[in-house]
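Worksheet: the structure to be examined is printed underneath.
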Amino acid sequence: RYRYYQNVCTQSYSYVWWDWARWEREIDWMALSGINLALAFVGQEVAWQRVYRSLGLNQSEIDEYFTGPGFLAWNRMGNLHGWAGPLPPAWHLKQLYLQYRIVERMRSLGMITVLPAFAGHVPQGVLRVFPRVNATRLGGWSHFDCTYSCTYLLDPEDPMFQVIGTLFLKELIKEFGTDHVYSADTFNEMTPVSSDPAYLSRVSNAVFTSMTGADPDALWLMQGWLFQHQPDFWQPAQVRALLHGVPLGRMIVLDLFAESKPVYQWTESFYGQPFIWCMLHNFGGNHGLFGTVEAINHGPFTARHFPNSTMVGTGLVPEGIEQNDMVYELMNELGWRQEPLDLPSWVTRYAERRYGAPNAAAASAWRLLLRSVYNCTGVCVNHNRSPLVRRPSLRMDTELWYNASDVYEAWRLLLSAGTALGSSPTFRYDLVDVTRQAAQQLVSDYYQSIRRAFQSHALPELLTAGGVLVYDLLPELDSLLSSHSLFLLGRWLESARAMATSDREAEQYELNARNQVTLWGPSGNILDYANKQLGGLVLDYYGVRWSLFVSALVESLNSGSPFHQDQFNQAVFQVERGFVYNKKRYPAVPAGDSLEISRKLFLKYYP
């Protein structure tokens, strides 16, 4: 029945700086892909601001609560407050007008829009206005201390829970209308204050009751991430209690990471609540070829045939988009199928559709990618851990789930199709992406040479491998990425600045954009979680880190003093922080010919 799309995190990792033209393209793509259920989360802070003001909070209390635009996803789930904020008045206005158009277009194309609802988190100001309110302060989230984390959660029995929840939803419905489906996540990566099943039932019942207070026909859409993220806490009794706090059929659970860690299998199909089988696939919007094609080709059908299955749809829930198009096309297609596909023949037709012409070399390249980099099996978690995009150390992960030579051979095959397919924009994008993957593999090889040379005290070899990496391979990769508009740091930064109505806002938004893809927090709290491979970033951020690392190792061999990782971390943090604040403007227009640059890299580096 449902083909669902979007993750609450994608709002920050991918859509945050979008204008209406970019939203329009996305919604049209959703329609073409058969998506009929999707989040409409833009502009909700406008409604929250009105609710907080009507409750008696002052503006400074509201400003201390909202994060900056680049981090709103985690503010909404109660993970963070205040970081990289506040939100300027102009932000609210622009988002409001954007949301009007988004919901109008989605509905006109037959989609059900999912609006946000109250999950129970409140600003500290609520405790000043209502000193007798029963709220618990949650712990810090993900390496953040209470400066920017430790949100207050209202007790579900407190009468203010219903007041705030219903006020907010009424405000939202008045502004945007409704399709009666609402999303709220109370315990995203946050441990509840009690594991008593009765308490957990009360929480979910309170959330649902505050929805029905504003809309008697409300249906709650909930992300099922928490159950697999903290399985020690969420034992069967706790899961059942949370799910059964809502009448059966009035909740839809997103089995969010079903391709790797399905929850329906150990919860008797969510104890009778309907669920959607979702492919998460991507974390943090990282670049890097990746897929679990066998798992997604069979998973939805296995789920449908599960005893007493309550599956009602399929979904795409990546944390970040604009990467690995093929995997999403495949998943979308499966929503329409009765049984698994013959993947090699499907991918052969995919290459032809994608490039607008049949080509034997391109089809062979795709079959190689399908069987290797796109076929991760077992429990696969796609965080790009390549040394390229991680803070350098002597203990970096260089393991691959596939045969590196398959990617090199696919690169060779795609290049050989360059003359025939070079005019296709999708072909050029894929060539850049596969070349980027090959370069990422090469970086790992040079890193291993650097580490070996250092450990065996071989200074000439260290200087050679380090020199090639820092002075040739990384600059070449940067120029490749700079030749394609979708791989430009400038595009990300300039789209952030374009949302601003003043220089001051432009600077704030640019800092949000820079911090998110690098330090992710004031002190590298979630360092490189949202790493990207972008022209500008490779040279001025990753490249500078590698240069510092190689220099530190050379210095250590020269002076005979050991290399200290913690000293290096302190030095490299200054480089990372320096990048966030360097104010350098990066081009938003590509330069150079991707085909030529890829060919040049190939002639130099093809192993």
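The values are calculated or read from the model by the stated rules, or taken from the named source; none is laboratory data. Given the structure is predicted, the values throughout are model-derived calculations rather than measurements. Counting neighbours? That spans all protein chains shown, and the Cβs are built from the backbone with ideal geometry, glycine included. These accessible areas exclude ligands, DNA and RNA; they are computed on the full protein's heavy atoms, side chains included. Shrake-Rupley method; radii C 1.70, N 1.55, O 1.52, S 1.80 Å.
Answer yes or no as to whether residue 331 is without any contact (Cβ under 8 Å) to a residue 60 or more places away in the chain and under 17 Å from the mean Cα position of the chain (by Cα).
On the way: without any contact (Cβ under 8 Å) to a residue 60 or more places away in the chain: yes; under 17 Å from the mean Cα position of the chain (by Cα): no.
No.
In the set 394, 414, which member is surrounded by fewer than 18 Cβ atoms within 10 Å (Cβ to Cβ) and at negative phi?
On the way: 414 fails: surrounded by fewer than 18 Cβ atoms within 10 Å (Cβ to Cβ).
Of 394, 414, the one residue that is surrounded by fewer than 18 Cβ atoms within 10 Å (Cβ to Cβ) and at negative phi is 394.
Looking at region 28-73 only, could you name the residues that are acidic (Asp, Glu) and either open to solvent by 40 Å² or more (accessible area, probe 1.4 Å) or within 23 Å of the chain's Cα centre (by Cα) (or both)?
Residues of region 28-73 that are acidic (Asp, Glu), as a first pass: 28, 45, 61, 63-64.
Residues satisfying the conditions are 28, 45, 63, 64.
Which condition from (1) touching a residue at least 60 places away in the same chain (Cβ under 8 Å); (2) not assigned by the TED database to the domain that holds residue 468 is the one that residue 392 breaks?
Here residue 392 clears every test but (2).
To keep it simple, each residue is scored yes or no on (1) under 30 Å from residue 105 (Cα atoms); (2) assigned to a loop (DSSP other than H, G, I, E, B); (3) open to solvent by 40 Å² or more (accessible area, probe 1.4 Å); (4) of a type outside the set (Asp, Glu).
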site: 146; (1), (2), (3), (4): no, yes, yes, yes
site: 167; (1), (2), (3), (4): yes, no, yes, yes
site: 195; (1), (2), (3), (4): no, yes, yes, yes
site: 204; (1), (2), (3), (4): no, no, no, yes
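Filter region 491-503 for residues that are assigned to a helix (DSSP H, G or I) and touching a residue at least 12 places away in the same chain (Cβ under 8 Å); which is farthest from residue 92 (Cα to Cα)?
Within region 491-503, the match that is farthest from residue 92 (Cα to Cα) is 491.
Residue under question is residue 482, and the condition is that it be in contact with a strand residue (DSSP E or B) (Cβ under 7 Å, 6 or more places away or on another chain) and either closer than 23 Å to residue 590 by Cα or open to solvent by 40 Å² or more (accessible area, probe 1.4 Å) (or both); does it hold?
On the way: in contact with a strand residue (DSSP E or B) (Cβ under 7 Å, 6 or more places away or on another chain): yes; either closer than 23 Å to residue 590 by Cα or open to solvent by 40 Å² or more (accessible area, probe 1.4 Å) (or both): yes.
Criteria met by residue 482.
Considering region 522-538 alone, what residues qualify as being surrounded by 21 or more Cβ atoms within 10 Å (Cβ to Cβ) and not aliphatic (A, V, I, L, M)?
528, 529, 531, 532, 533, 535, 536
Determine if region 234-248 includes at least one residue that is among the basic types (Lys, Arg) and farther than 15 Å from residue 117 by Cβ.
Filtering region 234-248 down to residues among the basic types (Lys, Arg) leaves 240.
From the residues that got through so far, the ones that are farther than 15 Å from residue 117 by Cβ too are 240.
Looking through region 234-248, at least one residue is among the basic types (Lys, Arg) and farther than 15 Å from residue 117 by Cβ.
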